[in-house]
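One structure below.
What follows is calculated from the coordinates using simple rules that are stated; it is not laboratory data. Worth saying up front: this structure is predicted, and the values here are computed from it rather than measured. Virtual Cβ from ideal backbone geometry, glycine too; neighbours counted across all protein chains shown.
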2 protein chains.
Amino acid sequence: MTTLTIQDVSRRSGLSGPTLRYYEEIGLIGPIARDPSSSHRRYREQDLDTLQVLACLRAMGVGIEEMRTYQANRELGHAKAGEQRDLLLQHAKRVEAEIKTLRMHLNYLRAKAALWDARSREDADAEAEANSQVQKVLPRLEEAMLG
Amino acid sequence: MTTLTIQDVSRRSGLSGPTLRYYEEIGLIGPIARDPSSSHRRYREQDLDTLQVLACLRAMGVGIEEMRTYQANRELGHAKAGEQRDLLLQHAKRVEAEIKTLRMHLNYLRAKAALWDARSREDADAEAEANSQVQKVLPRLEEAMLG
DNA sequence: CCCTTGACTTCAAGCGCTTGAGGTATGTCA
DNA sequence: TGACATACCTCAAGCGCTTGAAGTCAAGGG
């Protein structure tokens, strides 16, 4: 039965070392077993599994308390399976929306970059063109804020 | 010359009220003029313009100090136009990567949701199928972490 | 004329980490 | 064998907000 170091888990989950310690400290995971002589953490594959889901939830903006709920439901297995599915899908939706917003931001920033590029080249025509591009993107960005 | 309330600016920039106050407090923007009798903030269109860029930068994970740099370069106009463009494009790249990662998370979460759905319906076949889907998505997710 | 509603104000505390300081154990090389 | 590198540890402080408490001002209704 192989064990994983905190670095292994960090790399494969995308959560930082400090975050992994923090999650253990607040009882969201673990407690994680230690190497007796070094007192370094030794994670099981099972822990990694849990942490990969938690990492996704976190990336979707799920708060600590809701993650606790997820963990608790998980233990209850089948009884809470429906809730579990709904929690996941609900947040998936929020992220779809966020990706769209991020894309808008990206477009806006690119337009702004083109504007500064035109300025750096002292190209007045390109600057005017870039400016109208920015104006074109802006309303869509503001629209996205309201949704 | 029309002015905007903090709420107007919040809606159109996507930054929360407290965040707008915070940005002013640390001198990233402003100082913003006040209504003499109520002491409510009255923003100019020009402030909104600035804040829309800052909101995008923030959404791309740009830190406060780097935003200050952006603001300072802006005043210098043409002299720093090249740097300005590069700062914007550099972060645009990071966000493209992040969007990709978010998509992976989304796929993984959807697969997990399907798994819990199968469990809730006590459909062992579907559960096995969902499980193999999860296993298929996982390596791509971990891969994305390394990049 | 008072009372409520709503949008704002300041100030303080909390959240979910990240960063840094300072220290310990393991492995590698001269 | 001793010195250095690496990977981890704990503890404390800082960051960039968010949330909540407590109060001010302007408009509208009974």
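Before moving on, here are some points about what is shown:
- Number of the condition not met by A:LYS93 [criteria: (1) within 8 Å of chain B (Cβ to nearest Cβ); (2) exposed (fewer than 14 other Cβ atoms within 10 Å of the Cβ)]: (1)
- Cβ pairs under 6 Å, 6+ apart, first in segment B:14-39 and within 14 Å of chain A (Cβ to nearest Cβ) and free of Cβ contacts under 8 Å to residues at least 60 places away in the same chain, second away from DNA strand D (no atom under 11 Å from the Cβ) and of a type outside the set (S, T, N, Q): B:GLY14/A:MET145; B:GLY17/B:ILE6; B:LEU20/B:ILE6
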